[in-house]
Each structure stands twice: as structure tokens, then as C-alpha cells.
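Chemist: The structure is given below, and queries will be raised subsequently.
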Amino acid sequence: MEFRGGGSLGAAVGRHPREFVGFVMATVAIFAILFNALFLQKGPHPAPIFVTRPLLKQETPVAQPNVAADSAAQIRAQLISDIQRELGRRNFYEGATDGIWGAKTDAAARDFVQATGLKVNPEASDGLLRAIVASKAKAQPDRAASVDATRNDPIAELITPSKRVVAIQRALADFGYGQIKPTGVYDPDTRTAIEKFERDRRLPVTGQISDRFVRELAAMTGRPLE
């Protein structure tokens, strides 16, 4: 039976050799296409035989701005502006309502705490703002307004009450450089305290309120003195 089948196939091939060759080539081509599509393609074929899932496109995460830090800075600036405004209404503060805790704002807050005797920290806080709003205290007019007019006169600056000198005297007293009263006037006690500070910091001992002394004192205390 097998011999007869083989003979029939051979006879058929003999009668139609071109058709047999075409059939064999077509079969080989089909298998080559299938093998290439299934095993040799790394990515999806332009016309895939089997439906494949589309590749998910990975999106690069976009960095979000530090909204929390900006919001905290705005809240603090608004708080300082409110404190400046309320201190100004009570004649303790004469500067700009700019939301910056500078030397004038610091001195005004300390003047308010000293004048009222309240146990509140003279720094930017909701507690300080509430204390100022609740208080009816007002600063008495003094000679501090004439400081700018005498700024270029060293002698006049020493004998005229100055908020800058008050801030320096308080800083020296708070950090153990003597029992100095914050009068705003450069006096012998203030000179002695400055000399002691200069010796501790290995600065030239002058006893004067120089720019270098103010920078060193502000750096040590962390307070604005200008």
C-alpha cells in the first residue's frame, strides 16, 4: 500500500512538475512568514497575525512646585504686616507695613512688651498679635523722631535716644554683658558692655557702636539691629 501511494504521488508529480514546485514554495513561504511573525519580531508587527495589547506609554512625572513653603511664607508675611499695622496704631511702630521683620519692627515689639509688662515673646506670632489687639496701651511721644535728623552728627547720635541703641542695649543685656537699661542713649554702662563683647569676640576694643560691632552682635544674637 505504501509503495503504491508513493508511486501515485510520484506519477502525479511527474505529470504536473510545475504545480508541485509552486505548491512546495508556497508552503515554505507560509511557514517562513509564520515563524518570523511569532518568534523573530521583537515588537508588534505592522500587521500582526494575533492581536496584541498596545504598549502603555510611561509618562514622566512633572515636579510640583513647593506650594506648602510658598503658602507658609505668605502667611508669615501677612502676620508680620498685621503686627506692624497694630503697633503703628499704638505709636510703637513708624516704619512701612511691608511684612518684613526688621530692626524697627523688632524694636517696636520689644517696646510694646516692655510698656505693657505682658509675658509674651516679642517675636512674630499669633500670640503677640492678639496681645497687641487686646491692649489699649499707646506709646508716649519721645525724641526718637529726631534721630534721622541727627544721623550724620556722631555726637548728636550718642546723646539722642535711638531705637538702634535700644536694640543693642537689650541684646547685650540679654546675653550677659551687663545690667544695661534700654534707654536708647549711649552711656558708660553701654560702653563697658561693648568693650566686654569686643574682648570676648577678639575684636579691637573701642567701646564704640561701629558697623563691625553691630554685625558681630547681630550674628551672635540672631537679631536684626539695623
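Chemist: Evaluate the following for ILE83: is it closer than 17 Å to SER135 by Cα, among the hydrophobic types (A, V, I, L, M, F, W, C) and modelled with pLDDT of 70 or more? Let's see the steps before the verdict.
Modeler: On the way: closer than 17 Å to SER135 by Cα: yes; among the hydrophobic types (A, V, I, L, M, F, W, C): yes; modelled with pLDDT of 70 or more: yes.
Spelling it out, ILE83 is indeed closer than 17 Å to SER135 by Cα, among the hydrophobic types (A, V, I, L, M, F, W, C) and modelled with pLDDT of 70 or more.
Chemist: Can I ask one more? What is the number of the single condition among (1) exposed (fewer than 15 other Cβ atoms within 10 Å of the Cβ); (2) of a type in the set (A, V, I, L, M, F, W, C); (3) modelled with pLDDT under 80 that VAL147 does not meet?
Modeler: The number of the failed condition is (1).
Chemist: Among the numbered criteria (1) touching a residue at least 40 places away in the same chain (Cβ under 8 Å); (2) assigned to a helix (DSSP H, G or I); (3) of a type in the set (D, E, K, R), which one does ARG130 miss?
Modeler: Among (1) touching a residue at least 40 places away in the same chain (Cβ under 8 Å); (2) assigned to a helix (DSSP H, G or I); (3) of a type in the set (D, E, K, R), the lone unmet condition for ARG130 is (1).
Chemist: Go through segment 81-96 and give me each residue that's loosely packed, with under 15 Cβ neighbours inside 10 Å and in contact with a Ser or Thr (Cβ under 7 Å, 6 or more places away or on another chain). Even if it seems obvious, please write down each step before you answer.
Modeler: Taking segment 81-96 as the starting set, the residues that turn out to be loosely packed, with under 15 Cβ neighbours inside 10 Å are 85, 89, 94, 96.
Passing the criteria: only ARG85.
Chemist: Still on this structure, please answer the following. Could you look through segment 177-226, keep only residues that are exposed (fewer than 15 other Cβ atoms within 10 Å of the Cβ) and closer than 19 Å to TRP101 by Cβ, and pick out the one that is modelled with the lowest pLDDT?
Modeler: Out of the qualifying residues, it is GLU226.
The values are calculated or read from the model by the stated rules, or taken from the named source; none is laboratory data. Please read these numbers as outputs of a predicted model, since none were measured by experiment. Positions of Cβ are generated from backbone atoms using ideal geometry, with glycine treated the same way; all protein chains shown enter the neighbour counts.
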